[in-house]
Amino acid sequence: MKEIHAEHAELAGEFNKDEDRVDWHDETLWWIRAKRDKAVNQLPEWERLRDAASQIKDHVLGNLDTYLEQFEANALQNGVKVHWAANAEEHNKIVYQIMLDQGVLRMVKSKSMLTEECHLNEYLKEHGIEVIDSDLGERIVQLAEEAPSHIVLPCIHKKKEEIGELFHIHLGTEKGNSDPQFLTNTARIHLREIFLTRKVALTGVNFAVAETGEIVVCTNEGNADMGAHLANVHIASMGIEKIIPKKEHLGVFLRLLTRSATGQPITTYSSHFKTPQNGREMHIIIVDNGRTRQLGRPDFRNSLKCIRCGACMNTCPVYRRSGGHSYHNAIAGPIGSILAPNLDMKDYADLPFASTLCGSCSNVCPVKIDIHQQLYKWRQVIVKEGYATKTKKVSMQVMSNTLSSPTAYHLAGKMGRFVIKYAPFAVNNRLNPWYKQRDLPSAPEQSFGEWYKENRKKQ
Amino acid sequence: MSTSTSRDSILGKVALNKPESTPLPDLSFFINGTAAVTEQFITILGNIGGKAHHREGTIDEVISTIKNDFPELKRIYSSDPDVRRALDLQFVTPASGHAFEDVDVAIIKAHFGVAENGAVWITDDLMGNRALPFICQHLVVIVDEKNLVPTMHEAYKKIGSSKYNYGAFIAGPSKTADIEQSLVLGAHGPKSMTVFIMA
Amino acid sequence: MTVGLFVPCYVDQFYPGAAIATLQLLEKLGVDVAYPANQTCCGQPMANSGFEHLTGDCNALFIKNFAEFDYVVAPSGSCVLHIKEHLHHPISEKIYELSAFLTDILNVKSLPAKFPHKVGMHQSCHGQRGLHLSQMSELVAPQFSKPGSLLNMVEGIEIIPLDRIDECCGFGGTFCVTEEAVSAKMGVDRVDDHLKHGAEYITGVDMSCLMHMEGILKRKGSKVKVIHLAEILNGE
């Protein structure tokens, strides 16, 4: 089920029509980046922690098959049912089958970007299963029939007045009340009823420990726990890359995760699920969905180290000013832009270009993914695979010819300055976007090359 | 179901595509714990919306403080034998967490606390029921001062290979800032968390 | 010591003043500088657009022009970074951005320059995060700034504070036209930060970022000017 969508530039252009909202979005996310800075500067060992996390994840990628088998064996030992899904469709079918086996038509689900990636909600809905997202931000976008625009802050694109209106329509709150405290309390009451009545709860997985077979789920709201502990069946969906070797490695990751994400020292809840509760079931679904393909791309495999903190989004000057939906992918921002082309190179060919390659993303990444380098490399791959637009190809060839010939270059330079000086409105269409909001420099009388020839005799 | 085929094919692709193995880092560098753990724990817990009482005294005194802090409370619950004795709670074994839906205050003992983030480590044997620390309106945790550690590295050293079926680090009340980044305490779980650090 | 001066194409064509200042500054510091006349471009505009495979001839020309020198110096962090990361030739070991060359090779401790103005320092991303010309705000590491230290040697200069000390200006090569809305908004925001803090000039190590901000300043009708670092350091 592929939706037709516009490219990032166009969607970002739409977002920019409301400058106040852009400013608000930018400043709010920058504020979170500032909180992150404050938190990480309290740990003098921060950069060494990042190194350690990166090394642990590198090690995992080099031994992933061994650790997956070890994890599976321990999870089975713990009484957990383990499933393997090659792709999104198989993942969704497994979830559906578990629902059928329980004879249950309603599910409560806490945040899982993997299930967004797999479009699980849509799939289950088509099969008559009702899914209620329990993370407040996710519940809000679900009521709005939208996708999350940020992996940690799903409704960061929404103003409280819009949320108040959604609650008025769907949850019957009084019209015009958009007080966050009031709205949150309304959601608390609404979702408590859901937690108490749902027999199946699905959660994501932040870390899966090979040596013990336990999974760790991190939330601030407590929604994963409320769902899982009150249901008869707990389903946890995880990508194959969530594995870490030992429990002691959690010390490194839990110190990094939330400081990077929101500037908190740790999430309110870091829950370690090892065995099912007495008389109940726990299922873990281990999902590939393109990850093994990414593992086989040496330039891009280390994107699999991502722990989904969202720091690269908060720091990204482009993300902050284009909004998560402009990336038309479950995971937006810089990390989404290097993960998405692996899923569908044609559909996401625009994303690696939605960046200035400023490099801030790589610097905040707690597992040191070279995000901006991968954006650059994806551009090369996308062009080579033939997904660049035709006009771009022609203009680049002209540029290449000009820049590899001194004569052609000097001639073009003269013409270029001529054009800018005397006919700024007659300039070629391709350059027009510059003029929309910016002027070009005034043309100098002579180029440096010409000046040098006149003023220095050396050559 | 094609699960077992998928298992083999995933593991096969991983084996084929994985990079060369690299060594795991040595984490001993991060163990350096002589910080003023109690002060730090109290400060951080305050920063994240929790509250700490640092005191000497008995469980009875703890309970009288709680009753003072929560004058409105109707149902107080604990699965800890000492607390239950002090509260004179009759023994009940609820079949499921649903039974705690009307608990105003849950009192739970923690194995230890972590100074750098204000978290306490609680396992299911101390909870009685896994749902309890989440479904209650207010959470009270008792931890011995001698069991405060500086960072998560010491925390996992302390956990070691101890046995549990479920365990959680809990740091402060349940919270959300999903609506315009306005912080609200009491998202789905407890609206407050009080930690008694027993000297 | 012989130094080949590499002048990026857009500096050659639009901002010869920055190149002249670079040349004069190096000469003033006693360096034997020459400008190979047949140079064009580092190839970055194509490579960043995904066409690195078309840069072969451009690279060959670059190597031909500069192979004979002990060092290559350019008044641009971005072009130098591109050569360093993508040319895969020994020449990438001896190319320096101007402020790094002054700091690391010439070990400049004082300059006879004077510039009695309020100046905002723009940290161009490629120079800062790519070449580590200054410490980056994301890292937990000691502060330093090569261009900043050089500016501090200038008499009368007042460096103004900024709310966001190292946010990208949004130029990004072809990004400035392919992502017009976001690019321009980034530029507007960056310029506003300087204006808010009373800058009379915005300086930096990369004319491309400055060109972007100049485009916005001009459109706004602002009197604030952009000026390359070399022009301040070469000021009398």
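Numerical summary
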item: Criterion violated by A:A349 - all others in (1) open to solvent by 20 Å² or more (accessible area, probe 1.4 Å); (2) part of a loop (DSSP other than H, G, I, E, B) satisfied; result: (1)
item: Inter-residue pairs, beta-carbon under 7 Å, first closer than 27 Å to C:I216 by Cβ and in the range A:438-456, second part of a loop (DSSP other than H, G, I, E, B) and hydrophobic (A, V, I, L, M, F, W, C), 6+ apart; result: A:F448/C:V7
item: Residues that are within 30 Å of A:L440 (Cα to Cα), more than 8 Å from chain A (Cβ to nearest Cβ) and surrounded by fewer than 24 Cβ atoms within 10 Å (Cβ to Cβ), drawn from the range C:26-46; result: C:L26
item: Verdict on C:V177 being closer than 26 Å to A:Y435 by Cβ, part of a helix (DSSP H, G or I) and either out of contact with any strand residue (DSSP E or B) (no Cβ under 8 Å at 6 or more places or on another chain) or open to solvent by 20 Å² or more (accessible area, probe 1.4 Å) (or both); result: yes
item: Per-region count, the range A:338-357, residues closer than 29 Å to C:G127 by Cβ and aromatic (F, W, Y); result: 1
item: Filtered residue count, the range A:45-80, keeping only those that are touching a strand residue (DSSP E or B) at 6+ places or on another chain (Cβ under 7 Å) and either without any contact (Cβ under 8 Å) to a residue 24 or more places away in the chain or more than 10 Å from chain B (Cβ to nearest Cβ) (or both); result: 4
item: Total residues in the range A:201-214, condition among the aliphatic types (A, V, I, L, M) and either open to solvent by 10 Å² or more (accessible area, probe 1.4 Å) or touching a Gly at 6+ places or on another chain (Cβ under 9 Å) (or both); result: 3
item: Failed condition for A:E116, given (1) of a type outside the set (A, V, I, L, M); (2) over 15 Å from the mean Cα position of the chain (by Cα); (3) closer than 26 Å to A:C309 by Cβ; (4) away from chain B (no Cβ under 13 Å); result: (2)
item: Residues satisfying the stated conditions in the range C:49-61, i.e. open to solvent by 10 Å² or more (accessible area, probe 1.4 Å) and under 21 Å from the mean Cα position of the chain (by Cα); result: C:N59
item: Residue check for A:C312: touching a Cys at 6+ places or on another chain (Cβ under 6 Å), open to solvent by less than 20 Å² (accessible area, probe 1.4 Å) and either touching a residue at least 24 places away in the same chain (Cβ under 8 Å) or under 27 Å from A:T212 (Cβ atoms) (or both); result: yes
item: Restricting the range A:352-383 to residues that are assigned to a helix (DSSP H, G or I) and among the basic types (K, R), the residue that is surrounded by the fewest Cβ atoms within 10 Å (Cβ to Cβ); result: A:K377
item: Members of the range C:104-141 found to be acidic (D, E) and not in a loop (DSSP other than H, G, I, E, B), listed by number; result: C:D104
item: Neighbours by Cβ (under 7 Å, 6+ apart or cross-chain): first from the range A:217-242, over 23 Å from A:L105 (Cβ atoms) and open to solvent by less than 10 Å² (accessible area, probe 1.4 Å); second assigned to a helix (DSSP H, G or I) and among the polar types (S, T, N, Q); result: none
item: Search result, residues across the range A:175-184 that are more than 28 Å from the chain's Cα centre (by Cα) and in a helix (DSSP H, G or I); result: A:F182
item: Scope the range B:157-169; condition assigned to a helix (DSSP H, G or I) and open to solvent by 10 Å² or more (accessible area, probe 1.4 Å); matching residues; result: B:K157, B:K158
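Yes or no, residue by residue, for (1) in contact with an Asp or Glu (Cβ under 7 Å, 6 or more places away or on another chain); (2) crowded, with 16+ Cβ neighbours inside 10 Å; (3) among the hydrophobic types (A, V, I, L, M, F, W, C):
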site	(1), (2), (3)
C:H82	no, yes, no
C:H88	no, no, no
C:I95	no, yes, yes
C:L111	no, yes, yes
C:M121	no, yes, yes
C:M136	yes, yes, yes
C:F144	no, no, yes
C:V154	no, yes, yes
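Residue by residue, here is whether (1) modelled with pLDDT of 95 or more; (2) in contact with a Leu (Cβ under 8 Å, 6 or more places away or on another chain); (3) assigned by TED's automatic domain parsing to the domain that holds C:Q123 holds:
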| position | (1), (2), (3) |
| --- | --- |
| C:E180 | no, no, yes |
| C:V188 | yes, no, yes |
| C:V191 | yes, yes, yes |
| C:K196 | yes, no, yes |
| C:E200 | yes, no, yes |
| C:D206 | yes, no, yes |
| C:M213 | yes, no, yes |
| C:L217 | yes, no, yes |
| C:S222 | yes, yes, yes |
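The values are calculated or read from the model by the stated rules, or taken from the named source; none is laboratory data. Keep in mind the model is a prediction, meaning the values are calculated, not measured. Virtual Cβ from ideal backbone geometry, glycine too; neighbours counted across all protein chains shown. Areas reflect the complete protein model, heavy atoms only, side chains present, ligands, DNA and RNA absent. Shrake-Rupley method; radii C 1.70, N 1.55, O 1.52, S 1.80 Å.
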